[in-house]
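Visitor: First, the structure itself, so that you have it in front of you.
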Amino acid sequence: MFAVLSVLRQPRAVIAGGFRSMSSCASGGSRREVSREARCLPCEGIGSALTTEQVAELVSSKTPKWTVTEGSKRIYRTWVRRNFMDAMDFLNRIAQVAETEGHHPDLHLTNWNQVRVELWTHALGGLTENDFILAMKVDALAEPRNQ
């Protein structure tokens, strides 16, 4: 009985055939480095969203081409691609990175060549480091095509 209660209090995720304890997006309250090389951490409702001030700092220093929604709960960016197939290719490359990171954005294709990516951490109802890490990775995908 005690082992079961312990497991219930310590959420776990299956990672590459094993288990690891789930950490908060912010690694226990201290904020972590945000870079293209960083990996998204599982949240599952553990931890807290970034403050408005933290969001403003990360947008200005890490993702200046992204727009913050009112209330600092989400960030988004739109690209105009060359044609429909280029837009679909870009969406598929974003999907591959998102799946690898285990952090899934809202993806929109409108007007046959406009791709909009919207990020927030659903489990926490706001933005975390994961959103900025993924935004930087998406930006890197767009760079070779000068978007």
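The values are calculated or read from the model by the stated rules, or taken from the named source; none is laboratory data. Fair warning: this is a prediction, and the values are worked out from it, not measured in the lab. Don't worry about glycine lacking a Cβ; one is built from the backbone with ideal geometry, like all the others, and counts go over all protein chains shown.
Visitor: Does any residue in the stretch 116-138 that is over 15 Å from G102 (Cβ atoms) come within less than 6 Å, Cβ to Cβ, of a residue that is crowded, with 21+ Cβ neighbours inside 10 Å and among the hydroxyl-bearing types (S, T, Y) six or more places away or on a different chain, and which pairs are these?
Guide: That search, which allows pairs on different chains as well, returns F132/T63; A135/T63.
Yes or no, residue by residue, for (1) more than 24 Å from G125 (Cβ to Cβ); (2) modelled with pLDDT of 95 or more:
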position	(1), (2)
V55	no, yes
V59	no, yes
V68	no, yes
G71	no, no
Y76	no, yes
W79	yes, yes
D86	yes, yes
L91	yes, yes
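Visitor: Follow-up question, since we're still on this one. So, in the stretch 50-90, of the ones that are surrounded by fewer than 17 Cβ atoms within 10 Å (Cβ to Cβ) and of a type in the set (A, V, I, L, M), which residue ends up nearest to D131 (Cα to Cα)?
Guide: So the residue we want is A56.
Visitor: Return only the number of the condition from (1) at pLDDT below 95; (2) touching a Ser or Thr at 6+ places or on another chain (Cβ under 6 Å) that H103 does not satisfy.
Guide: Condition (2) is where H103 drops out.
Visitor: Are there any pairs with C-beta distances below 8 angstrom linking a residue in the stretch 99-115 that is farther than 21 Å from I133 by Cβ to a residue that is among the aromatic types (F, W, Y) and outside any loop (DSSP other than H, G, I, E, B), with the two at least 6 apart or on different chains, and if so which?
Guide: Taking only residues 6 or more apart or on different chains, the pairs are W112/F84; N113/F84; Q114/W79.
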